1. Under the condition of being within 26 Å of A:Ile179 (Cα to Cα) and open to solvent by 10 Å² or more (accessible area, probe 1.4 Å), which residue from the range A:195-209 is modelled with the highest pLDDT?
2. Which condition does A:Leu5 not pass, out of (1) modelled with pLDDT of 90 or more; (2) more than 30 Å from A:Gly331 (Cα to Cα); (3) open to solvent by 40 Å² or more (accessible area, probe 1.4 Å), if it passes all the others?
3. Just one of the numbered conditions (1) facing chain A (nearest Cβ under 10 Å); (2) not in a strand (DSSP E or B) is not true of B:Gly86; which one?
4. A:Ala262: over 30 Å from A:Val114 (Cβ atoms) and of a type in the set (A, V, I, L, M), yes or no?
5. Please specify each residue of the range A:25-55 satisfying the condition of being more than 7 Å from DNA strand C (Cβ to nearest atom), among the hydroxyl-bearing types (Ser, Thr, Tyr) and open to solvent by less than 60 Å² (accessible area, probe 1.4 Å).
6. Considering only residues that are modelled with pLDDT of 90 or more and β-branched (Val, Ile, Thr), look in the range A:165-186 and name the one that is nearest to A:Pro90 (Cα to Cα).
7. Give just the number: which of (1) of a type in the set (A, V, I, L, M, F, W, C); (2) surrounded by fewer than 18 Cβ atoms within 10 Å (Cβ to Cβ); (3) within 12 Å of DNA strand C (Cβ to nearest atom) does A:Ala61 not satisfy?
8. Within the group B:Pro313, B:Pro343, which residue is away from chain A (no Cβ under 13 Å) and either open to solvent by 10 Å² or more (accessible area, probe 1.4 Å) or β-branched (Val, Ile, Thr) (or both)?
2 protein chains.
Amino acid sequence: MLVVLDQVAIDGVRSAQRSSGGSSLLDVARAAQVDPSTVSRVLRDDPALRVRPTTRERILAAAAELGYVPNVNARGLALRRTTTLGLIIPSTANIVYEQIIKGAEAAARQAGYVLVLAESADVGAVDSAHRELILGGRVDGLLIASGTLHESLPPPLLNGLTNCVILNRRIRGSLPSIIEDDERGMARAVEHLVGLGHTRIACLAGPDEVDTATRRLAGFKQAMRAAALPIRRGYVERASFDEAGGYEATLKLLALARQPTAIAASSIVAAIGALAACHAAGVTVPEEVSLIAFHDATIAQYLTPSLSTIWMPLFELGEMATRQLLLMIDGQEIPSVQRLEDPEPRVISRASTAPPRR
Amino acid sequence: MLVVLDQVAIDGVRSAQRSSGGSSLLDVARAAQVDPSTVSRVLRDDPALRVRPTTRERILAAAAELGYVPNVNARGLALRRTTTLGLIIPSTANIVYEQIIKGAEAAARQAGYVLVLAESADVGAVDSAHRELILGGRVDGLLIASGTLHESLPPPLLNGLTNCVILNRRIRGSLPSIIEDDERGMARAVEHLVGLGHTRIACLAGPDEVDTATRRLAGFKQAMRAAALPIRRGYVERASFDEAGGYEATLKLLALARQPTAIAASSIVAAIGALAACHAAGVTVPEEVSLIAFHDATIAQYLTPSLSTIWMPLFELGEMATRQLLLMIDGQEIPSVQRLEDPEPRVISRASTAPPRR
DNA sequence: CTGTTAGCGCTTTCAA
DNA sequence: TTGAAAGCGCTAACAG
């Protein structure tokens, strides 16, 4: 195939101009001695095309020889879409997002899309991301899993946005969202503790303004009511979803006159802080206090004691949100709030939960 | 400014065609009654341009009114560059990458670039990412922090690649890399342990084929030699850089006839596994065994006991790599291997290290 | 100081 | 079964 290479060389001056040294569709066309449009059709397997096999061969060979890679900018410009989706997360450091990312990536890849990640914890994220990424033509749609979004987000921010779906936040306005069944997950945690015989159960709740925190707390309250158990004074502590938040809040719970015998934490990261607080306060887990955390992650089984958790279908959440987004991009109507109910939340019981001491 | 809006409405048919409902430079030009090229110049602050203030005003007002956002595809096509950089990491879940990402992001943003993240642990990552991302025109350059890269990577893979820099891996071939001083970091860990009086020090080393693991082990050996301490049989365990790897390897170390009194782990994630293994084996930390880990992270202070670590300049690594990449994109020659020496590695001493028991 | 023009690489009618 | 031509939105000479 030196012939082909030679042609490239002859035309080198022009090809060398290209973005990054690659060869263009035009180069392939010349090498295969056909019109660029034919190359385009062959390379994209245009169904409305019956091309002579030998021509197709020539084209494919030339493309392979030249290491042709289509330029997404040119294609995006012509098609008015990039096959790229964006996923906005508040922090790459948070283990909870790992599974969501994997699920979204899988669904995107399956549909022939590329997924790019953007990090932003900002409340204004939706709006500016929409500007920068969608209007800017970088992505066709946006998955938004940013943490601080909540119902009281200024409505004007969300006006006229399209091709966005929110993950696990309910936001007043027109943007559809996919949410996991946090109420049920938290209820499972309570049921697990009740099943072990606990009655003095406290809740390490998340920040007031975070929708998931609200829903988990609601699940806690429902389950306590269902078990006919009182929620004692001071038994609900609101704290940020990080180690420090869990630590401080737990110290407060442990300082109560009537200490809880079990704590249900709405976040695994906060639970890690809670565990540290128990150790620091000289309170043994699970002997004196049982601890269970919302969301599972690898680290749970490597803590001491290993941490009981509520597994949630995060991978599936990422997948489902992506599929909905693709439908939306496709111009279809999608429901404004969808709850993911299928793989149900389930308790992964490890060493941090046990019956209360007599 | 209803006038402007009216004009848009009149021209709505055409503007509506645009990628995602936004308005184009042409729309702005019409609204401001000037030529598109003038709009382009004004909006990009073309230095070689002295425009009449009133014209500029009109243009800026029109752009604001229309919510104009430039289309990156069109711009990328015209300029043959995208002002976007890619960062390839093996896993978003690994806490070690958090700081690298932040550093790269900061440096990219400062230069007016956008950073996108791609997840790939694959050895072929460099090659396929170069194809997909650089040749495809998605990004102008690539930061590669993929974990399994190593010196024995098939050289042909790296041929002709450009605008890539490798983070913290030395790779035979032409790709420049920025590395942190892992030898020194690990030496600091050993010195810390020696300073506490330890002599039976083991090393939880990383996988053979990972360059950073090799360098950290080298640092361990040098420091042991410098302290005139022997490395006993079985005192170097190679394990994967994850909790499970650290767990298993530590069990082996603890099963040795002559148990080490201290363990230097080449990875904080492996160290979490090591801590779990000590607890499981009933070995107290730091009383019976001291433990120190390479790389610091928030979780270190929330483990029990809190984990002593070696802080490494990861943020700066991300920053520096990005700056080098930008130089490379700019056509400048950059050194093939650069070692980041400035913020020095330092020991963060917490509760997991203490003098050995008498 | 501003308009004209050509083109970036690809897709897509419309012709042949 | 293939080619010609126009256009996606923006930039960059080159004129005026």
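The values are calculated or read from the model by the stated rules, or taken from the named source; none is laboratory data. Values in this document were obtained by computation on a predicted structure and should not be read as measured data. Every residue, glycine as well, gets a Cβ built from its backbone with ideal geometry; the counts of neighbours run over all protein chains shown. With ligands, DNA and RNA removed, areas are computed over all heavy atoms of the protein, side chains included. Shrake-Rupley method; radii C 1.70, N 1.55, O 1.52, S 1.80 Å.
1. Residue satisfying both the conditions and the ranking: A:Pro207.
2. (1)
3. Status for B:Gly86: all satisfied but (2).
4. Considered against the rule, which asks whether it is over 30 Å from A:Val114 (Cβ atoms) and of a type in the set (A, V, I, L, M), A:Ala262 comes out as yes.
5. The answer is A:Thr38, A:Thr55.
6. A:Ile166
7. Of (1) of a type in the set (A, V, I, L, M, F, W, C); (2) surrounded by fewer than 18 Cβ atoms within 10 Å (Cβ to Cβ); (3) within 12 Å of DNA strand C (Cβ to nearest atom), only one is false for A:Ala61: (3).
8. B:Pro343
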